[in-house]
Amino acid sequence: MEKEEKPVKEKKVGWWKRKTAGQKASFILAIIVFLISVGSLLTWVYSRYIFGDEIGNAFLGEGNDNGWVVIAKSTINSSVNFIYMFVAIGICIAVIFVATFLINLFTSKKSRKSQTVGSLLKSLVKYVSIIITVGIILTFWGLDVYGVVAGVGVLTLIIGLGCQTLIQDVISGIFIVFDDYFAVGDIVIIDGFRGVVSEVGLKTTKVTDFGGNIKSISNSTITTVVNLSRLDTMITVTIGCSYDEDIERVEAIIAGAMEDFAKKIPNITKGPFYKGIDSIGASSINFLVLCFSKESDRFQVVRDLNKELLLLFRENHVVIPYNQIVVNAEYDHKRPQASDVELMISQKATNELRGIEKPVENKPKKNKSLVKKVKDSIKTTQEEMEKDTQ
């Protein structure tokens, strides 16, 4: 009996070998930084024992305490400040939560413009709350915030000149909301990107396409916007029939089915309407059907109309032409031939086109009489004599 082959065990690769050269370098650098940090902390804590009282007093202050005692005393003395800091952070989070809840409560089920204003207000409340909270925390730790704000005034001016784009984004976002260019939930085309406006912020506007891709656009770069949601979208669909069909019959079939189409396709907001012959193609006569729908339903309505028109033509045996390739078609050799009159006309036309004169007919020569021969001889003699005298 043949021995069963044992499965070959795959060699396990260590975690270090699985890392790339860049990952290995980053890991080694992180270890070095960690060791330096721990070493610096321990050096500071035990500086009195390592470097003596003089340097220890410079690092830890007067006394015989080591670093751990100094940290413990500082934590106890600053416990109130830590409590204030955590309370301020909690109040900030609560304010943002409550403000977001109230804004959603009054704008989520309202018009799209109110939803857009709500989105802008939520962004504004978040930034303002965080800035105020940071200022309060710095005040708890003894920093003169008012003095800092006054001292940073010039710096703010310099930064403002360098952050003109940011300021433009904020101002453009405010104008977008209050001029009602578009709102949250509108289907728009911005810079060739088509999607639904999901968020309007102070700096950027986010548009999500139907594939789930999100594009963030700076408000100051939005110069032209195509808003597709304000009015219903016009939809046109064409279908062709053979030239052998009775045009009036086909028109009556299409026009008579419009009410039935409106019932079958509920996404149509107005119509459909039969609008007549749209074009005369190379192999078909094309009929036009028009209707209106919401932009979000546009493509589905087109598909539904195409299906219903195709089924309508099949039910009524209307021939829809399509490209075909015929191989080895039968050839009818018994075709009508030209008559004698047609041959004569064709030959005459050909001769005229080619500049060929009519052929001279060869008529049989008649025998001359004796009297005629004598007259011709006398006439010839007289002509010769006249030539000699000249």
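No value in this document is a laboratory result; all are computed from the given coordinates. Note that this is a predicted model, so its numbers are computed, not measured. As a convention, Cβ positions derive from the backbone with ideal geometry for all residues, glycine included, and neighbour counts pool all protein chains shown.
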Completion exercise
Of the listed links LYS19/LYS215; LYS206/LYS294; LYS270/LYS307; LYS19/LYS203, those spanning more than 30 angstrom between alpha carbons are LYS19/LYS215; LYS19/LYS203
Exercise for the section: Let me know the shape class of region 233-315, please: from the alpha-carbon gyration tensor, a ≥ b ≥ c as square roots of the eigenvalues, rounded when a/c is under 1.5, otherwise prolate if a/b is greater than b/c, or oblate. Expected result: prolate
Completion exercise
Over all directions, region 153-312 yields a Cα convex hull whose mean projected area in nm² is 12.9 nm²
Handout entry: Equivalent ellipsoid semi-axes, region 214-272, via Cα gyration tensor eigenvalues times 5, rooted, Å
Key = 40, 16, 9
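How high is the FRET efficiency between MET344 and VAL319 when r is their beta carbon distance and R₀ equals 30 Å, given to the nearest 0.05?
On the way: r = 44 Å, r/R0 = 1.45.
Efficiency computed from Cβ-Cβ geometry: 0.10.
I'd like the projected area of region 164-227, averaged over all directions, using the convex hull of its alpha carbons. Report it in nm² with one decimal.
Result: 3.7 nm².
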